[in-house]
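First up is the structure itself, then whatever we jot down about it.
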Amino acid sequence: MDINQTQENRPERRSENRSIDQRYYSVQFTTKGLDNQYQFKLWNISLKGLCILVKEGSAVLEHLSVGDTIEMTYFPSDAAGPGERLQTEIIHITQNANGRFRGHCLVGLSVV
């Protein structure tokens, strides 16, 4: 099998391979206009970015836009230490109509 193809024999469209960064498990944040803190498990982690899943129709999606920079608290995987507050840019918001995460949007994050 070609290194750039998935197991389903389709070409890989990502610009780089995904790997797990063991430092963080989840992220928590709020934005202007939201009264609550939102916490999400980190998914689809690459060397250059992170991804969270947000259910379509969630109020948080109405307050996120590509290019926004938000201070987010990243919680470690081992849960031994406190969260780390980092400025984070929203890189993309992609609707996932098919597959495993149907009914959710993938929100790409990049620590700045």
Unit charges on C-beta of K, R, D, E only; dipole of the stretch 24-111, Debye: 300 debye
Please give the net charge around GLY33, taking every other residue with its beta carbon less than 13 angstrom from that of GLY33, where Lys and Arg add +1 and Asp and Glu add -1. -2
Please report the net charge: other residues with Cβ closer than 12 Å to the Cβ of ASN96, K and R +1, D and E -1. +2
Once phi is turned into ³J(HN,Hα) by the Karplus curve 6.51 cos²θ - 1.76 cosθ + 1.60 with θ = phi - 60°, what whole-Hz value does each residue of the stretch 26-42 show in order, with x for glycine and proline? 8, 9, 10, 6, 9, 10, 4, x, 9, 8, 10, 7, 10, 10, 9, 6, 7
For the stretch 91-107, Karplus couplings with θ = phi - 60° (6.51, -1.76, 1.60), whole Hz, Gly/Pro x: 8, 7, 10, 10, 6, 10, 6, 10, x, 4, 10, 3, x, 10, 10, 8, 10
Compute the convex hull volume of the Cα atoms of the stretch 57-112, divide it by the residue count, and report the result per residue in Å³ as a whole number. 105 Å³
Quick check: the distance between the Cα centres of the stretch 24-40 and the stretch 45-112, to the nearest angstrom? 9 Å
Amide H of THR30: which non-local residues (sequence gap of 5 or more, or other chain) have their own amide H closer than 5 Å, using H built in the peptide plane? TYR38
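Only the coordinates and a few stated rules stand behind these numbers; no lab work does. Treat the numbers as computed from the prediction; the structure is a model and nothing was measured. Neighbour counts run over all protein chains shown; Cβ positions are idealised from the backbone, glycine included.
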